[in-house]
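The values are calculated or read from the model by the stated rules, or taken from the named source; none is laboratory data. Just so it is clear, the model here is predicted, and its values are computed rather than measured. Note that we place each Cβ from the backbone using ideal geometry, even for glycine, and neighbour counts take in every protein chain shown. Heads up: the accessible areas ignore ligands, DNA and RNA and are worked out on the full protein's heavy atoms, side chains in. Shrake-Rupley method; radii C 1.70, N 1.55, O 1.52, S 1.80 Å.
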Amino acid sequence: MSDAPNTPDSPGAPASPGPSGAPGAPGGSAGPPAAGQDGFLKVLGRGDVLALAFGAMIGFGWIVLTGDFIDAAGSLGAAFAFVLGGVVIALVGLTYAELVAAMPRAGGEHHYALRALGARGAFTASWAMVLGYVSVVAFEAVAVPQTLGYLFPGAMDAGHLWTVADYDVSAAQVAVGVLAAAVMTGVNYIGIRPAGVFQTIAVLFLLAAGAAMVAGAAVGGSASTMEPLFTGGVAGMFTVLVAVPFLFVGFDVIPQSAGEIRLPFRQVGRLLVVSVACAAAWYVMIMLTSGAALGPEELTAADLASADAMAALWNSPAMGNLLVAGGLAGLLTSWNAFLIGGSRLLYAMAESRMVPAWFGRLHPRFRTPGNALLFIGALSVLAPLFGRPMLVWLVDAGGVNIVVAYIVVAVSFLVLRRREPGMERPFRTAAGPAVGVAALVLSFGLLALYLPGMPAALVWPWEWVIVGAWWIAGLAMMARLPKVAPGADAEERLIAEIERRTRGRSEPAGPPSR
């Protein structure tokens, strides 16, 4: 992408602002959605973008894993770990914020790495993040029946099918997970606007449930219940920190959907950073309010620790169910956002000819990457077949790949700051090189937590099998890519080289020489 001014004819530029300053809407009226040169409809406003990113980061993990976090690090220790994790993600987010404002195209980190590092670097970032997105989507397909099982005890146990890692998988769980996957994929298939409206409504419900949790802690919580405030030492903190990439992944959905955002580029960068701060505040709030309600032993014994804490704060099982419903809303917002992000990333890879062109087809009516959505939706349909053990496997396998993508983006940020100091940057991160180095070092620190011998090492065999199989397939595809040097025109050169190779294979040989 060139550094051309942000005019209506520039790639990725928003529609022309009307007299009131609202992009593409004369007089501030909504007007028909404008289509960018990439074919996507520019319909997402400020509230849509914030709801998309915040809802993506606030999934269902805070309902399921709170007891484990407090048991490992203590209530204040877990909260402090999320503050540290929020700082790490905020630094990474600042690198994204500058890059998304400079290169507002669907696919996010794919384009940053392609311009900074070339074809192989772009494939590494994109392939890693695709697994991260797919792991979250599959996680949600498993978590939906788990949530309904809390709201309707026994309903999800009907029809035993098989046992996976000592967990009984039932027909009811599989049916609900598959149906939910089909519905969420369908909502996204028919357009970004329905998906955006759904996201906003669900986030508002989630926030209402969170407000009830805070009010309950103010009335029925106890500081003595929070003790011990710190447990487990450094290892306990690592147990919480290792989940940070998985729990905070979602702000990067903003870059993925940049082609559908109808805002000045500078605002897009700011909203990305704000969304990370909001998510960190949410996780800290959950740790403190849950710790004020129940002791570590009770939280650890609970199936859904945050919900049991809510019920204890209000002395009402109905309030616990309300928080579970809020968790279900968070689950759906995360699911919705990652279907958006994952499909746009696959679309960008297809546009660059890194994956089959089938993934890069936009639906002629809905203007969504329908084939990519169907592919990710199909993978999420498989996850419920493995039951609850799949939740843990996906958290770790997806998390380590997300960190790999963060590392590549931080490197891309630093390379572009040095190589292209004059590149137009509507949002410019203060102390950029220092922020980039800090994001890179801290991301490597997160990556180290997954290595053998560390407190949160990937579990053999399943988590290593998931990661290994994904990268064996990825390396096979990467080996077929031409060696294209980085630069503003790297995508054009990559496409031209791949098409040249394709023509060379398809053209018949010339006449035999005499």
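When only alpha carbons are used to place a centre, segment 433-452 and segment 89-138 end up 16 Å from one another.
For segment 48-135, trypsin sites (Lys or Arg not before Pro) are listed when DSSP marks them as loop and at most 16 other Cβ atoms sit within 10 Å of their Cβ; the list is empty.
The trypsin sites (Lys or Arg not before Pro) of segment 249-291 include none that meets both conditions, a loop assignment by DSSP and at most 13 other Cβ atoms within 10 Å of the site Cβ.
For segment 376-514, what value does the Rg/Rh ratio take when both radii are computed over Cα atoms and Rh is the Kirkwood radius, given to two decimals? Don't skip to the answer; put the middle values down first.
Values: Rg = 21.3 Å, Rh = 19.2 Å.
Ratio of gyration radius to Kirkwood radius: 1.11.
Other residues within the sphere of radius under 12 Å centred on the Cβ of residue 263, judged by their own Cβ, net out at +3 (K and R +1, D and E -1). Under a 5 Å amide H cut-off, with hydrogens placed 1.01 Å from N, residue 42 pairs with 34, 35, 36 among residues at least 5 apart or on other chains. Just one of (i) 171; (ii) 329; (iii) 233 is volume of the Cα convex hull per residue in Å³ calculated from these coordinates, so which is it? The value computed from this structure is option (i).
Add +1 for every Lys or Arg and -1 for every Asp or Glu among the other residues with Cβ under 14 Å from the Cβ of residue 174, and state the total.
Values: positive: 388; negative: 157, 168.
After counting each charged neighbour, the total is -1.
Under a 5 Å amide H cut-off, with hydrogens placed 1.01 Å from N, residue 484 pairs with 119, 120 among residues at least 5 apart or on other chains. In the assembled protein chains, residue 298 presents an accessible area of approximately 110 Å² (probe radius 1.4 Å).
With a ≥ b ≥ c taken as the square roots of the eigenvalues of the C-alpha gyration tensor of segment 304-436, please select rounded if a/c is under 1.5 and otherwise prolate if a/b is larger than b/c or oblate if it is not?
On the way: a/c = 2.29, a/b = 1.43, b/c = 1.60.
Verdict is oblate for segment 304-436.
Sorting 110, 160 by accessible area (1.4 Å probe), largest first, what list results? Write down the numbers at each step before the final one.
On the way: 110 0, 160 115 Å².
So, going from the largest accessible area down, we get 160, 110.
Over the chain, Cα pairs under 8 Å with separation of 6+ residues give a relative contact order of 30 percent. Of 359, 205, the order by accessible heavy-atom surface (1.4 Å probe, DNA, RNA and ligands excluded), from most exposed downward, is 205, 359.
Taking all protein chains into account, the per residue accessible area for segment 257-319 stands at 34 Å² (1.4 Å probe). You can think of it this way: the chain between residue 493 and residue 434 has 18.0 nm of extra reach, that is 0.36 nm per residue less the Cα-Cα gap.
Shown in residue order for segment 209-225 are the 3J(HN,Hα) couplings computed by the Karplus curve 6.51 cos²θ - 1.76 cosθ + 1.60 at θ = phi - 60°: 5, x, 4, 5, 5, 5, 4, x, 5, 5, 8, x, x, 9, 5, 5, 5 Hz (x for Gly and Pro). Couplings 3J(HN,Hα) of segment 439-447, computed from phi: 4, 5, 5, 5, 5, 4, x, 5, 4 Hz, in residue order, whole Hz [Karplus 6.51 cos²θ - 1.76 cosθ + 1.60, θ = phi - 60°; x for Gly and Pro]. The helix-only estimate of mean residue ellipticity at 222 nm for the chain, built from DSSP H runs of length n ≥ 4 each weighted as -39500 (n - 2.57), is -22000 deg cm²/dmol after division by the residue total.
Residues 425, 418, sorted by accessible area with the largest first, give 418, 425 [1.4 Å probe; ligands and nucleic acids excluded]. Listed values for segment 98-114 are Karplus-derived 3J(HN,Hα) couplings in whole Hz (6.51 cos²θ - 1.76 cosθ + 1.60, θ = phi - 60°), namely 5, 6, 5, 5, 7, 10, x, 10, 4, x, x, 4, 4, 6, 4, 5, 5, and x replaces Gly and Pro.
Close amide H partners of residue 161, meaning residues 5 or more places away or on another chain with modelled amide H under 5 Å apart, are 169, 170, 171. Accessible surface of residue 501, taken over heavy atoms with a 1.4 Å probe and every protein chain present, rounds to 90 Å². Only Cα pairs under 8 Å and 6+ residues apart enter the sum, and on that basis the relative contact order of segment 294-405 stands at 13 percent.
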